[in-house]
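Student: There's a structure below that I have some questions on.
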Amino acid sequence: MADNQTWITEVTLLGFQVDPALELVLFGLFSLFYTLTLLGNGVILGLICLDPRLHTPMYFFLSHLAIIDMSYASNNVPKMLANLVSQKRTISFVPCVMQTFLYLAFAATECLMLVVMSYDRFTAICHPLRYTVIMSWKVCLVLVITSWAFSFILALVHLVLILRLPFCVRHEINHFFCEILSVLKLACADTRLNQVVIFASCVFILVGPLCLVLVSYTRILFAILKIQSGEGRRKAFSTCSSHLCVVGLFFGSAIVMYMAPKSRHPEKQQKILSLFYSLFNPMLNPLIYSLRNAEVKGALRRVLCKERPV
């Protein structure tokens, strides 16, 4: 065993292990999804920067969500696409652990950002007269900076715990990217400490934020039911239902992945679940959150009309 414990230089990502013809189909499909992810989030980010009417706390948080989604997808998807059309599916060990680190950091940041956005909606609907005081720009900056900083510190803890482990000669990862549970399977030592820290992190970064989001939207629901105006009630329901769709997709897939018993999700199911929060969720977020929003549509029309030649 001592001879087999070493710093491995590269690992092989086994990917989806399907027929070559199906790999080409998946390459085309995932390339389309990735393009839509970058395009949708890029449009949202551009509109928020260009239109002064969108310079509000809600869209400030939404711009950060767009940055997170583009970064999150770009961390995992390009290597997955390259492996679908390449016979050599190796990745150097250092980029592999960096991919793990960034994937954990962006995932945790998105969890916290969704909580911040739910708090923003709770304040706007339940305390509209005090909204500008409660959600001042100073408060918004503190919430965003804290979310980013805490997430990267938490990811750094996981990275340090991974790097302390010795690794065996076996260097195959049965995944399409360096997902943390798959990387830990390469270790020759006991990984129980890593598993405990992952579970504790999930309780803190998934279950805790999800409970806060649900409490916020429960309060919001009661506040909406008290609204006399049918139009106001419809608009509030539309906004909140969109946010809950994103929350359900993201938190649901992550909790099943990292907190359900291992026997409940074999490796094939792990890959499918990973696709939800690495590709599908970042692609759907702009559609659910923004592009069906009247204010965003208005901003898009104003930008297009401004650029149209007279």
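Bear in mind that the values in this text are calculations on the coordinates, not laboratory data. Keep in mind that what you see is a predicted model, and the values were worked out from it rather than measured. Reconstructed Cβ throughout: ideal geometry from the backbone, glycine too, with neighbour counts over all protein chains shown.
Student: Please determine, in degrees from 0 to 90 and to the nearest 10, the orientation of helix 137-163 with respect to the longest principal axis defined by the Cα atoms of the chain, where the helix direction is its Cα long axis.
Tutor: For 137-163 against the chain, the angle is about 10 degrees.
Student: Here's another thing I want to ask about it. Over the chain, what is the relative contact order in whole percent, taking alpha-carbon pairs under 8 Å and six or more residues apart?
Tutor: Relative contact order of the chain: 29 percent.
Student: Could you tell me the convex hull volume per residue, in Å³, taken over the Cα atoms of segment 34-137?
Tutor: Spelled out: Cα convex hull of segment 34-137, divided by residues, is 110 Å³.
Student: Determine, for the chain, the count of lysine pairs separated by eight or more sequence positions (or lying on different chains) whose alpha-carbon distance falls under 17 Å.
Tutor: Here the count comes out as 9.
Student: Identify which of Leu112, Leu29, Leu13 has the largest mean-square fluctuation in a Gaussian network model of the chain, with springs joining Cα atoms closer than 10 Å.
Tutor: Leu29
Student: Hey, another quick one. Hey, got the dipole for the chain? About the Cα centre, +1 on K and R Cβ, -1 on D and E Cβ, debye to the nearest 20?
Tutor: Taking the Cα centre of the chain as origin, the dipole is about 980 debye.
Student: Relative to the longest principal axis of the C-alpha atoms of the chain, give the angle of the C-alpha long axis of helix 20-50, reported between 0 and 90° and rounded to the nearest 10°.
Tutor: For helix 20-50, the angle is close to 40 degrees.
Student: Under the rule of at least 5 residues apart or a separate chain, name every residue whose amide H is placed under 5 Å from the amide H of Phe167.
Tutor: Residues meeting the criterion, in which the H sits 1.01 Å from N, are Thr6, Ile8, Cys188.
Student: Same structure, new question: For Met98 and Ser86, compute 0.36 nm times the residue count separating them, minus their Cα-Cα distance, and round to one decimal in nm.
Tutor: Here the answer is 2.2 nm.
Student: How many nm separate the modelled label positions at Leu39 and Ser136, each set 7 Å beyond the Cα in the direction of the Cβ?
Tutor: Taking the two extended label points, one gets 4.3 nm.
Student: Hey, another quick one. Mind checking the alpha-carbon convex hull of segment 118-220 and giving the volume per residue in Å³?
Tutor: Taking only Cα atoms, segment 118-220 has a hull volume of 114 Å³ per residue.
Student: Okay, next question. Using Cβ-Cβ distances only, list the Cys residues of the chain with no partner cysteine under 4.7 Å, sorted by number.
Tutor: Cysteines of the chain left without a disulfide-compatible partner: Cys49, Cys111, Cys126, Cys140, Cys202, Cys211, Cys240, Cys245, Cys305.
Student: Using the Cα atoms of segment 1-94, I'd like the radius of gyration and the largest Cα-Cα distance, Dmax, both in angstrom.
Tutor: 19.0, 64
Student: First measure r as the distance between the Cβ atoms of Arg219 and Ser241, then evaluate 1/(1 + (r/R0)^6) with R0 = 22 Å and state the FRET efficiency to the nearest 0.05.
Tutor: Efficiency at R0 = 22 Å is approximately 0.90.
Student: Mind checking the angle between helix 208-225 and the chain's longest principal axis? C-alpha axes, 0 to 90 degrees, to the nearest 10.
Tutor: Result, in degrees: 20.
Student: Sticking with the crude label model, points 7 Å out along Cα→Cβ, report the distance from His55 to Arg302 in nm, one decimal please.
Tutor: 1.1 nm
Student: Estimate the FRET efficiency between Lys185 and Leu129 by the formula 1/(1 + (r/R0)^6), using the beta-carbon distance for r and 41 Å for R0, to the nearest 0.05.
Tutor: After rounding to 0.05, the efficiency reads 0.15.
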